[in-house]
Amino acid sequence: MSFEFKRKLPSPSEIKEQIPLPAGIAEIKAARDEEIRKVITGEDDRFLVIIGPCSADNADSVCDYLGRLAKVNEEVKDKLLIVPRVYTNKPRTTGEGYKGMVHQPNPEQPEDMLAGLIAIRNLHIRAVEESGMTCADEMLYPENYRYLSDILSYVAVGARSVEDQQHRLVVSGMDVPAGMKNPTSGDLSVMMNSILAGQKPHQFIYRSWEVSTTGNPLTHAILRGAVNKHGQTIPNYHYEDLLRLFNMYAERDLVNPACIVDANHSNSGKLFKEQIRIVKEVLHSRTHSDDIKNLVKGVMVESYIEEGSQKIGDHIYGKSITDPCLGWDDTRELLYVMADRL
């Protein structure tokens, strides 16, 4: 047969019982969730910065990075609301390559999903304990969301997942903000349909249960650029793109119009240094239109300790093994620039 059922994995409730949240983390999460919610709804005018490594490949270097981020956060917290990216799943266009910590807790060893589920929960708990900040992760596998649902404060749905019905319906049952990226084709109507689905209640099958959801009013847009039929990248962070999205929101039955601009991926053509210029342009666009200012709630930036990327096995501490990232010095300076311009 084409499937080999290797072993039955523990359920989310079993993993949560095995690795419970330490005392105090639930209170930190509740406070952070409320802060982020108010940014999305417009009750808080701080700028959301979802920032961190392309993939969380090593717990020690990720937590080292978050510790540095937490220090800057204390200096800019009146202007910025920083949400670290701790992405433990990595989508692969061809299905090949490192798929994230949930597959390989050690990128140089074979895949081990049980060890991966334990590792990602331990990492997210450690991240909060050491930085005081709850984090964002990508929902690559909807059935895995419940393993981290009690600790995440932000969820992203990627460009290759946003058209999938199961992703949309699971988002409708979340109580934290969920960002829906535009698809790689760049068709914003697909993204808008996904936001609408996430905001509405649904009934469906999830993890062998018939479930119902109330809808997630914090579901919103993430602009990440697109790729045309010739494989060329097409950015969608410019003033005209943001105004177009504002008008599309106005035409739809949606609450809490909100957008995060992803400064990397097809917006930068994966030229990671371009993220600095792109963030500055987005901030500039917000100064020219109250509509855009009210719509664009933040940015998403890929950043790590060392700039660029490396191959698995090169063992450069704090350097991405997937997409290239900004280094720490540029990251710190960019955060200060953002705070100064708001």
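FYI, it's all coordinate maths here, none of it is from the lab. Only a predicted model underlies this, so the values are computations on that prediction, with no experimental measurement involved. Cβ atoms come from the backbone with ideal geometry, glycine included; neighbour counts cover every protein chain shown.
Observations on the structure shown:
- Here the 3J(HN,Hα) profile of region 50-57, calculated from phi with Karplus coefficients 6.51, -1.76 and 1.60 at θ = phi - 60°, is 9, 9, x, x, 4, 9, 7, 9 Hz, Gly and Pro shown as x.
- Correct option for Cα extents along the principal axes in Å [calculated from the coordinates] among (1) 62, 58, 45; (2) 56, 48, 46; (3) 70, 51, 47: (2)
- Taking every DSSP helix (H) stretch of at least 4 residues in the chain, weighting each as -39,500 (n - 2.57) and dividing the sum by the residue count yields a mean residue ellipticity at 222 nm of -11500 deg cm²/dmol.
- Distance between the pseudo-spin-label points of ASP45 and GLN18 (7 Å out from Cα toward the beta carbon): 4.9 nm.
- Fraction of beta bridges assigned by DSSP in the chain that are antiparallel (%, nearest 5): 20 percent
- Taking every C-alpha pair closer than 8 Å and separated by at least 6 residues, the mean separation divided by the residue count of the chain gives a relative contact order of 17 percent.
- In the frame of its principal axes, region 192-244 has Cα extents of 42, 25, 12 Å, reported largest first.
- For the options ALA26, ALA127, ALA178, a Gaussian network treatment of the chain with springs between C-alpha atoms closer than 10 Å singles out ALA26 as fluctuating the most.
- Radius of gyration (Cα atoms) of region 196-342, expressed as a multiple of 2.2 N^0.38 Å: 1.24.
- For region 187-304, share of DSSP beta bridges that run antiparallel, in % to the nearest 5: 45 percent
- For the chain, built as a Gaussian network whose Cα springs stay under 10 Å, the top-fluctuating residue of LYS229, LYS181, LYS293: LYS229
- Above-threshold pairs, the threshold being 32 Å between Cα atoms, out of LYS8/LYS297; LYS200/LYS273; LYS79/LYS229; LYS200/LYS293: LYS8/LYS297; LYS200/LYS273; LYS79/LYS229
- A Cβ-based charge dipole, computed about the Cα centre of the chain with Lys and Arg at +1 and Asp and Glu at -1, lands at about 460 debye.
- Applying 1/(1 + (r/R0)^6) with r as the Cβ-Cβ distance of GLU210 and SER2 and R0 = 45 angstrom yields a FRET efficiency of 0.95.
- Placing +1 on the Cβ of every Lys and Arg and -1 on the Cβ of every Asp and Glu, with no other charges, gives region 1-81 a dipole of roughly 260 debye about its Cα centre.
- Since only ILE118, LEU148, VAL282 are under comparison, the one whose Cα sits farthest along the positive direction of the charge dipole of region 19-341, derived from C-beta charges on Lys, Arg, Asp and Glu, is VAL282.
- Distance from region 127-168 to region 231-265 (C-alpha centre basis), Å: 21 Å
- Placing unit charges on each Cβ (+1 for Lys and Arg, -1 for Asp and Glu) gives the chain a dipole about its Cα centre, and among LEU326, CYS63, GLN232 the Cα reaching farthest toward its positive end belongs to GLN232.
- For region 5-52, trypsin sites (Lys or Arg not before Pro) are listed when DSSP marks them as loop and at most 10 other Cβ atoms sit within 10 Å of their Cβ; the list is LYS6, ARG7, LYS8.
- Checking every one of the chymotrypsin sites (Phe, Trp or Tyr not before Pro) in region 1-49 against DSSP loop status and a limit of 15 other Cβ atoms within 10 Å picks out PHE3, PHE5.
- In Hz, Karplus ³J(HN,Hα) per residue of region 150-157 (6.51, -1.76, 1.60; θ = phi - 60°; x = Gly, Pro): 8, 10, 7, 10, 7, 10, 10, 10
- Loop GluC sites (Glu not before Pro), region 189-271, which have at most 10 other Cβ atoms in a 10 Å radius of their Cβ (DSSP): GLU251
- Efficiency of FRET from Cβ geometry, GLN232 and ASP291, R₀ 35 Å, rounded to 0.05: 0.75
- Each Lys or Arg adds one and each Asp or Glu subtracts one; over the other residues with Cβ under 9 Å from the Cβ of GLU35, this totals +1.
- Computed FRET value (nearest 0.05) for SER149 with ALA115, which takes r as the C-beta separation and R₀ as 25 Å: 0.80
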